[in-house]
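Novice: First the structure, which I've put down as structure tokens, then a few questions once you've had a look.
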Amino acid sequence: MITGAELYEKLKDVRISGGACTFTPEKCESMAPLVNAINALKKERNAVILAHSYVSPEIVYGVADYTGDSYALAKDATRTTADTIVFAAVRFMGETAKILNPGKRVLIPGTDTGCTLADAVTGDDVRRLRKEFPEHTFVCYINTTADVKAECEVCVTSSNVYHIVETIPNDKIYFLPDKLMGQNLVDEMKRRGVEKDIQIFGGRCYVHEEYDPEMVRFLRLKFPGVKVLSHPECNPGIIKVSDYVGSTSQMLDYVQKSKDDRFAMLTECGLSSRLQIEFPEKQIVGSCTLCKYMKSNTLEGILRVLLKPRPQDEITLDEDVRLRAQRCIDAMFEYVERKPVSHVPLEIPS
Ligand code: 13P
Ligand code: SF4
């Protein structure tokens, strides 16, 4: 059991976005019973809670069993022995957990769990593109639906996209759906001296596409010595002026290991909240950008799905789609773990 005062002690350093994400002793006092009810129900139902770093801090630090970036959470989903996985994030991440755990119940507590990237492309789009680009290896970002993964050879996340695309034994790649990450991928392959024909789809993350290199110039003027960290979903102009580019967990590691003490995070502000909590001696500057989909996860929603999930809270997948999507995710694990990858070419429907 946690008291309001103990919860406040954990959350008090969050300062990034004024009222929306700051915690008072009173706010924590009112949240504590909900946190305790969820933690008790988790045990009763043999459930675990996976939470992406972008969801609200009271979820990450109050009830989550696993937190991290999309790669780490996909791996964690394969390790748990619980019967039920509650995935506080967005729907495609819940789908990934279900693809990897067909025998477990996967529940998503958010009320608006889309993602502008995952919603940008459908399985039909990929089937059509495969006819147009029959010699290309189709590489999808993990921010895609199970239907899309089922049509692609390899899945990637922001933490491994460059390594995997460089390693794929084909110099023709179709990357989807993130246009900006695709442009960054092309630039990075050039920088590494890797020659590949990389075709790119047109999706965008509505949170990361907004950052403007002018803003970085302003941040550097206003906060001398600041280290600028950005996510590969940002535009190439931002990537060029950043000190470090990586997935949310890689950015967290960078700050932890860095000897610097001032950072600007060009990513969803849940990550800034985490840094303020975990490294209170470091200064996190800049604005707050919220992902409305990630932030639609609440303690109330988690309690609801544990008590009485509605049909739309539970992930269900067609078994054929699941198996095909699993092959695509397993290929990613094999590339990252440097195991031999069996590239079974997908059948292209006539
Ligand atoms: P990460 O895998 O870096 O956590 O990214 C997920 C995401 O949705 C970023 O917008
Ligand atoms: Fe999708 Fe962007 Fe939200 Fe990440 S931040 S879940 S890419 S909309």
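Novice: Could you give each residue of the stretch 6-12 its phi-based ³J(HN,Hα) in whole Hz, using Karplus coefficients 6.51, -1.76, 1.60 with θ = phi - 60°, and x for Gly or Pro?
Specialist: Result, rounded to whole Hz: 5, 5, 4, 4, 6, 9, 5.
Novice: Oh, and also: Normalised radius of gyration for the chain, please: alpha carbon Rg relative to 2.2 N^0.38 Å, two decimal places.
Specialist: That ratio works out to 1.00.
Novice: Read phi for every residue in the stretch 174-185 and hand back ³J(HN,Hα) as whole Hz from Karplus 6.51 cos²θ - 1.76 cosθ + 1.60, θ = phi - 60°, with x for Gly and Pro.
Specialist: Here the 3J(HN,Hα) series is 10, 10, 8, x, 8, 5, 5, 4, x, 5, 5, 5 Hz.
Novice: Further, regarding this structure: R0 = 30 Å: FRET efficiency of residue 39 with residue 15, Cβ-based, nearest 0.05?
Specialist: Computed FRET efficiency for residue 39 and residue 15: 0.70.
Novice: Pulled fully out, how much extra length does the chain show between residue 171 and residue 133, if you take 0.36 nm times their separation in residues and subtract their Cα-Cα distance? Kindly include the intermediate steps, with their values, before the conclusion.
Specialist: On the way: separation 38, 0.36 × 38 = 13.68 nm, distance 1.26 nm.
My answer for the length gained is 12.4 nm.
Novice: Among residues other than residue 31 whose Cβ falls under 12 Å from its Cβ, what is the net charge (Lys/Arg +1, Asp/Glu -1)?
Specialist: After counting each charged neighbour, the total is -3.
Novice: Same structure, new question: Computed FRET efficiency, Cβ-Cβ of residue 241 and residue 292, R0 41 Å: what is it to the nearest 0.05? Show your work: numbers first, answer last.
Specialist: Details: r = 27 Å, r/R0 = 0.66.
Efficiency at R0 = 41 Å is approximately 0.95.
Novice: Still on this model: With labels modelled as points extended 7 Å from the Cα through the Cβ direction, what inter-label distance (nm, one decimal) is found for residue 320 paired with residue 262?
Specialist: Going by the 7 Å Cα→Cβ label model, 5.9 nm.
Novice: Residue 65 versus residue 195, label points 7 Å from Cα toward the beta carbon: distance in nm?
Specialist: In this crude spin-label approximation the distance works out to 5.1 nm.
Novice: Taking the Cβ of residue 315 as the center, what net charge do the other residues with Cβ under 14 Å away carry, scoring Lys and Arg +1 and Asp and Glu -1?
Specialist: +1
Novice: Okay, next question. Report for the chain the percent antiparallel among DSSP-assigned beta bridges with both residues inside it, nearest 5.
Specialist: 5
Novice: Still on this structure: Taking the inverse of the average 1/r across all pairs of different Cα atoms in the stretch 103-164, what Kirkwood radius in Å do you get?
Specialist: Values: mean 1/r = 0.0762 Å⁻¹.
Final number for the Kirkwood radius of the stretch 103-164 is 13.1 Å.
Novice: First obtain the Kirkwood hydrodynamic radius of the stretch 1-116 from its Cα pairs, then insert it into the Stokes-Einstein equation at 25 °C and 0.890 mPa s, and state the resulting D in µm² per second as a whole number.
Specialist: It diffuses with D of about 165 µm²/s by this estimate.
Novice: How much of the pair distance distribution for the stretch 205-350 lies past 27 Å, counting alpha-carbon pairs only, in percent?
Specialist: On the way: 4904 of 10585 pairs.
Roughly 46 percent, rounded to a whole number.
Novice: So for the stretch 127-231, Kirkwood radius off the Cα pairs, Stokes-Einstein at 20 °C and 1.002 mPa s: how many µm² s⁻¹?
Specialist: 141
Novice: Run the quick spin-label model on residue 27 and residue 338: label points 7 Å from Cα toward the beta carbon, then report their separation in nm to one decimal.
Specialist: Those two pseudo-labels are separated by 4.5 nm.
Novice: For the stretch 43-191, I need the span (max minus min coordinate) of the C-alpha atoms along each principal axis, in Å, sorted largest to smallest.
Specialist: Computed over the Cα atoms, the extents are 51, 31, 27 Å.
Rule-based calculations on the coordinates, nothing more; no lab input. All values reported here derive from a predicted model rather than from experimental measurement. Positions of Cβ are generated from backbone atoms using ideal geometry, with glycine treated the same way; all protein chains shown enter the neighbour counts.
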